[in-house]
1. How are the alpha carbon pair distances in segment 181-328 distributed across 5 Å bins from zero to the largest one, expressed in percent?
2. Mean 1/r over all different Cα pairs, inverted: what Kirkwood radius does the chain give, in Å?
3. With all protein chains present, how much of the accessible area of segment 181-328 (probe radius 1.4 Å) comes from carbon and sulfur, to the nearest whole percent?
4. How long is the gain from Arg271 to Ala165 if the chain were fully straight, where each residue apart is worth 0.36 nm and the alpha carbon distance is subtracted?
5. Leaving ligands, DNA and RNA out of it, work out the accessible area of Lys18 with a 1.4 Å probe and give it in Å² to the nearest 10.
6. Give me the percent relative contact order of segment 65-180, please, defined on Cα pairs under 8 angstrom at least 6 residues apart.
7. On the full set of protein chains, 1.4 Å probe, figure out the accessible area of Cys9 and give it in Å² to the nearest 10.
8. Given a cut-off of under 8 Å on Cα pairs at least six residues apart, what relative contact order in percent is computed for segment 117-166?
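The values are calculated or read from the model by the stated rules, or taken from the named source; none is laboratory data. The shown structure was predicted, so the numbers you read here are calculated from the model rather than taken from an experiment. Here Cβ is always computed from backbone atoms with ideal geometry, including for glycine, and neighbour counts include all displayed protein chains. In case anyone asks, the SASA skips ligands and DNA or RNA and just uses the protein heavy atoms, side chains included. Shrake-Rupley method; radii C 1.70, N 1.55, O 1.52, S 1.80 Å.
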Amino acid sequence: MTGPEGVRCMLMRGGTSKGGYFLAEDLPSDPGARDDLLLRIMGSPDPRQIDGLGGAHPLTSKVAVVSASQDPETDVVYLFLQIGVDLAEVSDRQNCGNLLAGVGPFAVERGLVAARDGRTPVRIRMVNSGDHATVTVPTPDRCVDYTGSAEISGVPGSAAPMVIAFQQGGGPLLPTGHARDLIDGTPVTCVDNGMPTVLIAASALNVTGYEDPGELEADAALGARLQEIRLAAGRLMGLGDVSATTVPKLSLLAPPVHGGTVMTRTFIPVRCHTAIGVLGAASVAAGLCVEGNVGEDVARLPATGERLRIEHPTGFLDIDTAVDHSGATPAARGTAVVRTARKIFDGTVFPRPA
Ligand code: NQM
């Protein structure tokens, strides 16, 4: 329940993102009242989010709302909400595979899933996409252990691995029905392996794909071109008018430079990601496995195995995935990834007054 004083909240890093984790029962059930409260908790709208939990960037202005599942096949239900930084907007139009890494330990910590001695699988239904995933949480002595030796690019130090296995989603891998579309003369591959994403060779937009994210964000002509492509791609992908939504994302592709599969610069969709999202990387990886995709002359697909290393501005993200071409249309087979997560605080957050 929302008390007059404050709201129970756990602040966690999930992968390379950070956000507030709430039990659904601790928030108002009315979405309008919930969103108003969350904006005040995060300190939005304000470019600095100085009066709230938010970190003044879309990657640190996120919320996970978690509840017990009524479905015996699933343990918990996870709703992701993107909280606007400088705009008073709360969006459920996209999922977040990074915060998902924290949903497993959060569910165990809040008693929604009984911890096993060793490792505890938490089966999660993701409301935003309708897809399912299992996060396996290290639980020695039936307690969540956040310490360990797993390292992920973009996060200093090491922590316990949270292994995420995604189940096959229901939607098409190629939402436009094609491996390649032409948008105002620019070849693109529109793909959705958990995150609607538009793949574009960086060279097609006259950039190298190795620029600093800040430099790309400062390029107004590039930003305008990306927005034109995004609006057209949104319609082709059946997403309608995407002018006010955070999907589809755009990933610029360049040849790998660290021995991986491909180098990326991903727009989410206005800011350029300092790394890459989990589901964004899963979509890039699956798109690169589709015959005829726009990265064919850019990427170096592994000769064997199903692990693709997606390079990004601060390192790389390894994705296990493969595409099945035996059916009428290409389909992604199970996707898996290792992330880490960490509890930063657990307590009561005090929202800015209404
Ligand atoms: O793609 C950023 C992130 C994300 C989303 C974004 C994510 C994902 O890095 O699964 O995690 O694309 O807005 O958290």
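1. 2, 10, 22, 26, 21, 12, 5, 1, 0
2. 20.5
3. The computed percentage sits at 51.
4. Value of the extension gain: 35.4 nm.
5. Probe radius 1.4 Å; accessible area of Lys18 about 80 Å².
6. 21
7. Counting only protein heavy atoms, the figure is 0 Å².
8. Working: 87 pairs, mean separation 16.7, N = 50.
Relative contact order here is 33 percent.
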